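Here is the structure we will look at.
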Amino acid sequence: PDASPPAADPAVFVGSAVCADCHASESALWQRSQHHRAMLPATPENVQAAFDGSTLVDAGSKARLSRDGDEFVVHAIGPDGKPADHRVDYAFGVEPLEQYLVALPGGRLQALPFAWDSRAKDAGGQRWLHLYPDARVAPGDPLHWTRPAQNWNHVCADCHTTGFRKRYDAAKDAFDSHWEELGVGCESCHGPGSAHVAWGKTEKANSAPAGGAMGLVARLDERRGVRWPIDPATGNAVRSRLRTSTRELDVCAPCHARRSSLTERYVAGEPFLDHYRPALLEPDLYFADGQQRDEVYTWGSFLQSRMYAKGVSCSDCHEPHSGELRADGNALCANCHAPTKYATASHHHHTEGSAGSACVACHMPTTTYMQVDPRHDHSLRVPRPDQSVALDVPNACNGCHVDRKPAWAAAAVRGWLGRPAQGFERHAEALHASDSGAADAGPRLRAVAGDPAQPAIVRASALARLDASQSRASAELLVRAVTDPEPLVRLGALEGLAGAPGPLRAQAAAALLQDPRRAVRFGAVRVLASVVGELAPGKRGVFEREAGEYEAALRRDADRAEARIQLGLFLAERGDGDGARRELEAAIRIEPAFEGAYVNLADLERALARDEQALRVLDAGLELLPDSAVLHHVRGLARVRLGRSEDANRDLARAVALDPASARFAYVYAVALHSAGEARRAVELLEQASAAHPAERAILEALVAFDEQAGDASAAVRHRAALARLAELDP
């Protein structure tokens, strides 16, 4: 018989007030933090804004903000398209903006488009601010406050409450959301506290309950006993012992990373990648050198930094309970960087005490989001104005010297150093080559992806850009990368394998169905969904188990059009056409302006040999989104299949006009023109596209074919030579 003792009951939440009984000083620090005030009931004590009857007007509508006793009211157009009074239930965020939430039917909390600028008046604050000042946000627009994009339950809640569960019921189209505590409480970072409280009530000599020493669910002790002595020879500190875990960063990452959720609730102490799929260094989020472009919340930036590589963690710089910096100004950096070396004009080349002499001015430049919120880039990089010249990325120098050109700044830095500037991050040229379609992008990406000295997020981002179907060298590197010890690298390798031939996907990704991290397992499921029949028999059962968990994760997010699209595509790959259609049609009902739903539903109908139905889907999409390049392109292809070439060419031409940067749209339209007897126009279009996308083999191959048909031998030789150069770069 099994003589092992029964497992202890899992810890449950007790609330921050209970923690304060024994941890008064930490609680006092937390009480003044933005974490504490991340979300509060809309009471006169908590609301900072002037609900004084002001009428705010945007390009699409207007709203009046007033008080009724202790209640705050907004008179605005609601989900039915009619103006009405709506009670404000919660204040949301604190500084520099405070937003407000209104309850709507179905358990929805929605964020209003007007926020209160809580900065001091002399800093430009103490005023109402429209979050979309230049947009016409009318009812029905995806950005309207009643639409899913402004839904608190999905978008905001898990980072502004403790112990949140969304609990969406697709059959009822309603939320029954639940949280343990408003704001980011103690247990958001330390985990449910009941076992720790029980331990505290027992003799300390007794053994602690199951769940960790002292009953703690998340033991954040990575910095305990660690020192950072400065090496006099270099002027830089070295951690007294290596950091051997990422527990602290995994606790911070869920709310300070750009990511999507994989589970219903994260509990502190569990691996970040078991609950979230983080964004990599994608072109719409980051510049090619890794600087922040969109709101990325610091995690992806910090992972690129030399600081992270040397063992720095969040609380080395930030007091974790107050969230404040551990020291002011350059004094913070002086903890690890000798002031005698770095706080000198010979290093920063600015007047002592000026804005330019601040460490963060050069190494952590800000980007302003939401109009008034400057946020520091946490990649802590060396300023590289030379890369601004070559790669069109920002640099800290011209962030201050806005009246000068990057070439001026690059010359100044070179003059100071006697050489070009160099930084820890060495991936800018490779990612830029990929993003711009350069001919040598493949070799550059492989050099970065195969370099173990590069940060894991950089290697993963390079792997994700590789095309295994076009290069044997890329395919071989991706196959090797699926066994990398870094889970982010394995995740990037799976993205790169997504377009690989089926047998290669089945061979490379099968082992990752049993990866220690859920994000990687789900990535393997996506890559293998259409090639399950090629898996070894012993792997098919493993796939089905993980596929069931992946599908359940998507269904938990059935309130979102993007989740419905992902689920529809997954079901289609699994051969469930009816299920796929239901999900894609649901995506259109949830968000009629989501063009991806129409594209994928039309593609599903095409795959089922229902081209007329595909055309009706695309017509409906274009009625709502007449300027969608991709919908015109896809409708043009549908009309080609139906033999309606004249209508098809109009659509294909419109797609090129709306998105002239697309190599695919130009290629397809050129082929259509050539088929219609307009060979000269076709070649002109392909020549333009090839100049913009020199690595696109399909364009060069089409040019060779068209040249030979036209009897233009010299042009054919020129284009064959370009193909040969590509082959030399990427055999």
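Some notes on this structure:
- For Gly185, distant residues with modelled amide H under 5 Å away: Thr162
- The HN-Hα couplings worked out from phi for segment 510-524 by the Karplus form 6.51 cos²θ - 1.76 cosθ + 1.60 (θ = phi - 60°) are 4, 5, 6, 5, 10, 5, x, 10, 4, 4, 6, 4, 5, x, 5 Hz, whole numbers, x standing for Gly and Pro.
- Calculated mean residue ellipticity at 222 nm for the chain: -12500 deg cm²/dmol, from DSSP H runs with n ≥ 4 weighted as -39500 (n - 2.57), summed, divided by the residue count and rounded to 500.
- Projected label distance in nm at Ala338 and Glu476, using a 7 Å step from Cα toward the beta-carbon: 4.7
- Amide hydrogen neighbours beyond the local backbone of Tyr369, cut-off 5 Å, H modeled: Arg375
- Local net charge near Gly15, Cβ-Cβ under 14 Å (Lys/Arg +1, Asp/Glu -1): -4
- Neighbourhood charge, 14 Å Cβ-Cβ cut-off, centred on Glu45 and excluding it, Lys, Arg +1 and Asp, Glu -1: -1
- Heavy-atom accessible area per residue - segment 259-332, 1.4 Å, Å²: 39
- Solvent-accessible area per residue, Å², over segment 20-159 with all protein chains present [probe radius 1.4 Å]: 47
- Derived scalar couplings ³J(HN,Hα) [segment 166-171; Karplus, 6.51 cos²θ - 1.76 cosθ + 1.60; whole Hz; x for Gly, Pro]: 6, 6, 8, 10, 5, 5
- Per atom type, the chain shows carbon and sulfur on 53% of its accessible surface, probed at 1.4 Å.
- Low-density loop cleavage sites - trypsin sites (Lys or Arg not before Pro) in segment 129-175, where at most 12 other Cβ are within 10 Å (DSSP): Arg136, Lys172
- Rounded to whole numbers, the Karplus 3J(HN,Hα) couplings from phi for segment 361-367 are 4, 8, 9, 9, x, 9, 10 Hz, using 6.51 cos²θ - 1.76 cosθ + 1.60 with θ = phi - 60°, and x at Gly and Pro.
- Gap separating the Cα centres of segment 72-95 and segment 647-720, nearest whole Å: 52
- Three-way shape label, segment 321-409, alpha-carbon gyration tensor, a/c 1.5: oblate
- Semi-axes of the equivalent ellipsoid for segment 292-368, Cα gyration tensor, largest first, Å: 22, 16, 13
- Placed amide H near Arg259: partners under 5 Å, 5+ positions off or other chain: Ala279
- Relative to the longest principal axis of the Cα atoms of the chain, the long axis of helix 679-692 makes an angle of roughly 30 degrees.
- Quarter of Cα convex hull surface for segment 27-134, i.e. mean projection, nm²: 8.0
- Here the chain is treated as a sphere whose radius is the Kirkwood value from Cα pairs; by Stokes-Einstein at 25 °C and 0.890 mPa s it diffuses with a coefficient of 85 µm²/s.
- Here the calculated FRET efficiency for Ser66 and Asp619, from their Cβ-Cβ distance with R0 = 41 Å, stands at 0.35, rounded to the nearest 0.05.
- Axis angle, to the nearest 10 degrees, between helix 595-607 and the longest C-alpha principal axis of the chain: 50 degrees.
- GluC sites (Glu not before Pro), loop per DSSP, at most 10 other Cβ atoms within 10 Å - longest free stretch of the chain: 353-731
- Alpha-carbon centroid distance for the pair segment 241-279 / segment 384-457, whole angstrom: 29
- Rounded to 10°, Cα long-axis angle of helix 406-417 versus longest principal axis of the chain: 60
- Using the 1.4 Å probe convention, the accessible area of segment 351-393 works out to 46 Å² per residue with neighbouring protein chains retained.
- Among the trypsin sites (Lys or Arg not before Pro) in segment 581-623, none is located in a DSSP loop while being surrounded by at most 14 other Cβ atoms within 10 Å of its own Cβ.
- Residues of segment 361-405 with amide N under 20 Å of a point placed 7 Å along Cα→Cβ from Ala120: 372-375
- Total formal charge among the other residues, if their Cβ is under 10 angstrom from that of Arg87, Lys/Arg +1 and Asp/Glu -1: -4
The values are calculated or read from the model by the stated rules, or taken from the named source; none is laboratory data. Because the structure is predicted, anything quoted here is derived from the model rather than measured. Don't worry about glycine lacking a Cβ; one is built from the backbone with ideal geometry, like all the others, and counts go over all protein chains shown. The protein model used for the area step is the full one, side chains on, heavy atoms only, and it has no ligands, DNA or RNA in it. Shrake-Rupley method; radii C 1.70, N 1.55, O 1.52, S 1.80 Å.
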